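A short write-up of the structure that comes next.
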Amino acid sequence: MDRDAWLADTRSSYDTVAVSYADQLRGALAGKPQLRAALAVFAESVRAAGGGPVADVGCGPGHVTAHLHGLGLDAFGIDLSPRMLDVARRDHPHLRFAVGSMTRLPLAAASVSAVLAFWSLIHVPDDAVPGVLDHFHRVLPPAGPLLLGFHAGAGVRLKTQGYGGHPMKVAVHRREPTEVAHWLRAAGFTVEAQWLLDPDQPTPGAILFAHRTP
Ligand SMILES: C[S@@+](CC[C@H](N)C(=O)[O-])C[C@H]1O[C@@H](n2cnc3c(N)ncnc32)[C@H](O)[C@@H]1O
């Protein structure tokens, strides 16, 4: 599938589910202590690196952006889906959100202090991931922290409905943390840690802590 086609399908899928996605995910971090711990570690890394703007890429309805803001970070969100950002702005009017794709990240070189991408890279095909990581590298300063969250495992499936039975047409990739770590090193990152979440569940999660290699 060509790039514009999968991006268009992903955008319209999340436009369709934006309101119900936000309703289902609102408050979800409260029941996810490991995710909150990962975000706290990330926030500490950002502060240790001197602070500054933090891009939440593929932010969806902005609940993670808002959590980072609550941890004292200057967090803002970017997402492919305009309807997701309508919800994000409604729920978090004090925060900044902008439409954009991580495949053409609309940020200047070294313009952010850190990047987070939580369960958004899962919609990017393998052959486009190195280009996305190049963008993350470009917008970060040397030693700038990067936090990735994604579905662990292998394979890709086409999700045709979700979040209350709404129609979707979006590829969902699972990836081994070692594979993502390999891509990160090739893009100029140093991997600090990898956490495996819910290993006994059907869809485990993975968190990778990294920083742009100085
Ligand atoms: C599963 S949701 C995750 C949302 C949020 N990060 C969270 O943790 O709940 C995936 C999000 O990634 C966004 N997304 C998918 N592909 C994207 C791309 N190429 N650039 C920016 N955002 C993208 C979708 O619009 C959607 O809001």
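The values are calculated or read from the model by the stated rules, or taken from the named source; none is laboratory data. Here the structure is a predicted model, which means the values were calculated and not measured. As a convention, Cβ positions derive from the backbone with ideal geometry for all residues, glycine included, and neighbour counts pool all protein chains shown.
Does His211 satisfy the criteria of being closer than 20 Å to His123 by Cβ, surrounded by 18 or more Cβ atoms within 10 Å (Cβ to Cβ) and touching a strand residue (DSSP E or B) at 6+ places or on another chain (Cβ under 9 Å)? Judged against the criteria, His211 is not a match. Got at least one residue in segment 46-61 being in a helix (DSSP H, G or I) and in contact with a His (Cβ under 9 Å, 6 or more places away or on another chain)? Within segment 46-61, none of the residues are in a helix (DSSP H, G or I) and in contact with a His (Cβ under 9 Å, 6 or more places away or on another chain). Identify the residue in segment 138-151 that is of a type in the set (Gly, Ala, Ser) and more than 8 Å from the ligand (Cβ to nearest atom) and, among all such residues, is farthest from Pro214 (Cα to Cα). It comes out as Gly144.
Candidates Phe97, Phe118, Phe76: the one that is touching a strand residue (DSSP E or B) at 6+ places or on another chain (Cβ under 7 Å), without any contact (Cβ under 8 Å) to a residue 24 or more places away in the chain and aromatic (Phe, Trp, Tyr) is Phe76. Residues that are surrounded by fewer than 22 Cβ atoms within 10 Å (Cβ to Cβ), without any contact (Cβ under 8 Å) to a residue 60 or more places away in the chain and either within 15 Å of the ligand (Cβ to nearest atom) or within 13 Å of the chain's Cα centre (by Cα) (or both) within segment 34-62 comprise just one, Arg36.
Only one entry in Trp183, Trp119 is more than 22 Å from Asp4 (Cα to Cα), of a type in the set (A, V, I, L, M, F, W, C), surrounded by 15 or more Cβ atoms within 10 Å (Cβ to Cβ) and modelled with pLDDT of 95 or more, namely Trp183.
Of the residues Leu116, Leu121, the single one that is touching an Asp or Glu at 6+ places or on another chain (Cβ under 6 Å) and either of a type in the set (D, E, K, R) or within 29 Å of Val17 (Cα to Cα) (or both) is Leu116. Residue selection: Pro142 fails the criterion of being under 15 Å from the mean Cα position of the chain (by Cα), closer than 20 Å to Asp56 by Cα and surrounded by fewer than 14 Cβ atoms within 10 Å (Cβ to Cβ). Taking residues in segment 185-208 that are touching a residue at least 24 places away in the same chain (Cβ under 8 Å) and at positive phi, and partners anywhere that are of a type in the set (D, E, K, R) and assigned to a loop (DSSP other than H, G, I, E, B), not one pair has Cβ atoms closer than 9 Å while being at least 6 places apart or on different chains. Of all residues in segment 63-72, those being more than 8 Å from the ligand (Cβ to nearest atom) and in contact with a strand residue (DSSP E or B) (Cβ under 7 Å, 6 or more places away or on another chain) number 3. Looking across segment 90-137 at every residue that is over 28 Å from Gly155 (Cα atoms) and in a helix (DSSP H, G or I), the one that is nearest to the ligand (Cβ to nearest atom) is identified as Asp91.
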